[in-house]
Amino acid sequence: MRKFWWKYLGAAILVYVILAGMLIPLKPGVLEISPSTAQAAQTMTFTVEGYNTNYDKASSSIRAWLRSDDDHGLTASEITVVDYNTLNVTFNIPKWLPYESKVKYFSLILDNEIDGASVLPSAVSLTQEVPNLARAKALWPQGNIKDLHTNEVISFPYRNILYETIRNLYFHVSLWLAMMILFIVSVFYSIKYLRTFNKDFDDKALALTSSGLMFGILGLITGSIWAKHTWGTYWTWQEIKLNMTAVAMLIYAAYFILRSSMEDSERKSRISSVYNIFAFAALIPLLYVIPRLTSSLHPGNGGNPTFGSEDLDNTMRMVFYPAVIGFTLLGLWISTLIYRIEKIKDKLYDRV
Amino acid sequence: MSILKEVRFLLQKELVLEWRQKYALSGILLYVLSTVYIVYAATQQVQPHIWNALFWIIILFASVNAIAKSFTQDGEKRQLYFYTLVNPMAVIIAKIIYNALLLGLISFLTFAAFSLVAGNPVKIASQFAIALFLGSLGFSIAFTFISSIAAQAKNSSTMMAIMSFPVIIPVLLTLIKLSANSMRIMQDTAIWKDIYTLIAIDGILIAVAIILFPFLWRD
């Protein structure tokens, strides 16, 4: 127990990550509004569908606005609650919109005392006949969206398109980071092998590379399942990171084929240590240079291959950082098992 | 003997050997010409983006074939002889320079032969020349080093392919982008970024190759 405390720690962290990551609810948000188009100079009733909301309990405090880019807000004239996640919101849309163009998208903002404020970006497109900016300014008061409530319950951010799949961050992204850590430690042992020619170091490098490759494949699978729900496809050439990662897995798969193509133990260890270091050097442009040069479909993209920091709030950090540590410890644990199997194999085959 | 002098001698040795034997170079040139002809016969009307893809695929396979032999052609005894004489660093640098020259020649001739039969879609010659130059250099560095690993394994031609294709993909993708830009298939205002990326990848690979080669060589 005293010696292997880190194994128990890793397991405990992962239990925490799975429980917290799966059980903490999403913040209330707006799922859908229908219809999504309307004409100016019209009184229009929209049906709004919420997610994780308590419209029935907070019916007296619900407020709604249609918001333009520069903070001109149109307050809803009437709001009726259908049930806990359905609202009928009526707007008296003025004759003029605060824009020069004929068609423009407006965001919907909802607020109540239990759920706090939520936004549906580009919710409704409004069409006007003749733009008149000066008269529109009076009809769309500026700065009336205020006194918004905040939601104090512990929850994960609500993001359109992502929805519940935002939880995949704790598994998919943590597996990648854990894989990188395992590969780095593996390269460290390969370098150590080349300096000392002690076979233990090569066995350690082999064990770490095996578990790292396994994490990489799991990362690809979790990402692929997630992609089916958000991008609508398991695999796409539009996503450079996905394909570069597949290539990286091929590079590491070649490591195992290279090992099995040599019999002589000393040469095998030496050549595969060299290849391991080389493969890691080739991995850096694949995962960290090329994805920055092209566009990506990943959240927080646009030259940045990681999850955008603005998407990661403090509640998510409380789960995400332990998840990285937990998966790394689990990977190290698996590696020590593979290492011990290698040791046993060495002993058995020497005796025969 | 200083390392530069060693590199010069080894390079000279490679060139003289090539000149005397000739079959290796002429073999690979014939390979390129017949591939170009097969590709031309199969496609006939070649659109620029297809031209671009086929051109780099021909170069890729020709390069792997040309370089795969670099460490298997010297017999084990001759390798041992070099080992007693020169610095291993000089051996890998000389091989890389020689292979880069060879690939430069191959890619230029592929370009000439392919444009003769399938037309020349290149609009910005200087950019295409940079792509060819950096491509030859990158392929040469990566494949020379991998061929020295593959030479140690049992099934060396298969090992050469499975190790070199994934490693070269970042270089190849950037090259295809660069040459597509030189054909005006796509417009990229920040094409210098791609050139710097290529130089950086070449830099990483050559540094790793030079550091690690001494460990591969002693046997």
If we scan the range B:173-185, do we find a residue that is facing another protein chain (nearest Cβ under 9 Å), surrounded by fewer than 17 Cβ atoms within 10 Å (Cβ to Cβ) and in a helix (DSSP H, G or I)? no
Single condition A:Ala254 does not satisfy, out of (1) modelled with pLDDT of 90 or more; (2) buried (at least 19 other Cβ atoms within 10 Å of the Cβ); (3) more than 9 Å from chain B (Cβ to nearest Cβ): (3)
Filtering the range B:36-51 down to residues that are surrounded by 11 or more Cβ atoms within 10 Å (Cβ to Cβ) and hydrophobic (A, V, I, L, M, F, W, C), which residue is farthest from B:Ile124 (Cα to Cα)? B:Ile38
State the number of residues belonging to the range B:147-163 that are in contact (Cβ under 8 Å) with a residue 12 or more places away in the chain and more than 8 Å from chain A (Cβ to nearest Cβ). 8
The residue from B:Ile50, B:Ile57 that alone is touching a Ser or Thr at 6+ places or on another chain (Cβ under 8 Å) and either among the aliphatic types (A, V, I, L, M) or assigned to a helix (DSSP H, G or I) (or both) is B:Ile50
Of the residues A:Thr165, A:Thr150, only one is over 14 Å from A:Ile325 (Cβ atoms) and in contact with a His (Cβ under 6 Å, 6 or more places away or on another chain); which? A:Thr165
Is there any pair linking a residue in the range A:4-15 that is assigned by TED's automatic domain parsing to the domain that holds A:Leu332 to one that is surrounded by 14 or more Cβ atoms within 10 Å (Cβ to Cβ) and aliphatic (A, V, I, L, M), with Cβ under 6 Å and at least six apart or on different chains, and which? none
Under 30 Å from A:Pro94 (Cα atoms), outside any helix (DSSP H, G or I) and either more than 27 Å from the chain's Cα centre (by Cα) or among the hydroxyl-bearing types (Ser, Thr, Tyr) (or both) - does that describe any residue in the range A:19-32? no
Top-ranked residue in the range B:75-105 [being aromatic (Phe, Trp, Tyr) and touching a helix residue (DSSP H, G or I) at 6+ places or on another chain (Cβ under 9 Å); ranked as surrounded by the fewest Cβ atoms within 10 Å (Cβ to Cβ)]: B:Tyr83
Return yes or no: is A:Gly116 touching a His at 6+ places or on another chain (Cβ under 7 Å), touching a residue at least 40 places away in the same chain (Cβ under 8 Å) and either acidic (Asp, Glu) or under 25 Å from A:Tyr158 (Cα atoms) (or both)? yes
Scanning the range A:183-240 for residues that are hydroxyl-bearing (Ser, Thr, Tyr), assigned to a helix (DSSP H, G or I) and surrounded by fewer than 19 Cβ atoms within 10 Å (Cβ to Cβ) gives A:Thr196, A:Thr222, A:Ser224, A:Thr230
Does A:Thr53 fit the bill of being among the β-branched types (Val, Ile, Thr) and in a loop (DSSP other than H, G, I, E, B)? yes
Contact list, first residue from the range A:190-205 and assigned by TED's automatic domain parsing to the domain that holds A:Glu342, second anywhere and among the β-branched types (Val, Ile, Thr) and surrounded by 15 or more Cβ atoms within 10 Å (Cβ to Cβ), beta-carbon distance below 7 Å, six or more apart or interchain, is A:Ser190/A:Ile277; A:Ile191/A:Ile277
What's the number of the only condition in (1) at pLDDT 90 or above; (2) within 14 Å of chain B (Cβ to nearest Cβ); (3) within 19 Å of the chain's Cα centre (by Cα) that A:Lys241 fails to meet? (1)
Can you go through A:Ser309, A:Ser295 and tell me which one is surrounded by fewer than 21 Cβ atoms within 10 Å (Cβ to Cβ), modelled with pLDDT under 70, within 14 Å of another protein chain (Cβ to nearest Cβ) and more than 28 Å from A:Val187 (Cα to Cα)? A:Ser295
Run down A:Asn160, A:Asn168 and say which single residue is under 30 Å from A:Pro25 (Cβ atoms) and outside any helix (DSSP H, G or I). A:Asn160
Hey, among A:Val130, A:Val153, A:Val124, which residue is on the phi < 0 side of the Ramachandran plot, touching a Leu at 6+ places or on another chain (Cβ under 9 Å) and not assigned by TED's automatic domain parsing to the domain that holds A:Arg259? A:Val124
Contact list please: Cβ distance under 6 Å, first residue in the range B:7-30 and closer than 25 Å to B:Asn87 by Cα, second residue of a type outside the set (A, V, I, L, M) and surrounded by 15 or more Cβ atoms within 10 Å (Cβ to Cβ), pairs at least six apart or on different chains. B:Leu11/B:Tyr98; B:Glu14/B:Tyr98
Looking at (1) in a strand (DSSP E or B); (2) under 24 Å from A:Asn52 (Cβ atoms); (3) touching a residue at least 60 places away in the same chain (Cβ under 8 Å), can you tell me which one A:His149 breaks? (1)
Unmet requirement for B:Pro166, which otherwise passes all of (1) assigned to a helix (DSSP H, G or I); (2) in contact with a helix residue (DSSP H, G or I) (Cβ under 6 Å, 6 or more places away or on another chain); (3) without any contact (Cβ under 8 Å) to a residue 60 or more places away in the chain; (4) over 18 Å from B:Ile57 (Cβ atoms): (4)
Considering the range B:186-197, residues that are more than 10 Å from chain A (Cβ to nearest Cβ) and aliphatic (A, V, I, L, M), and then whichever is nearest to B:Ala53 (Cα to Cα), we arrive at B:Met186
Could you tell me whether any residue of the range A:83-97 is outside any strand (DSSP E or B), over 30 Å from the mean Cα position of the chain (by Cα) and crowded, with 22+ Cβ neighbours inside 10 Å? yes
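The values are calculated or read from the model by the stated rules, or taken from the named source; none is laboratory data. Being a predicted model, the structure only gives us computed values, none of them experimental. Backbone-built Cβ (ideal geometry, glycine too); neighbour counts: all protein chains shown.
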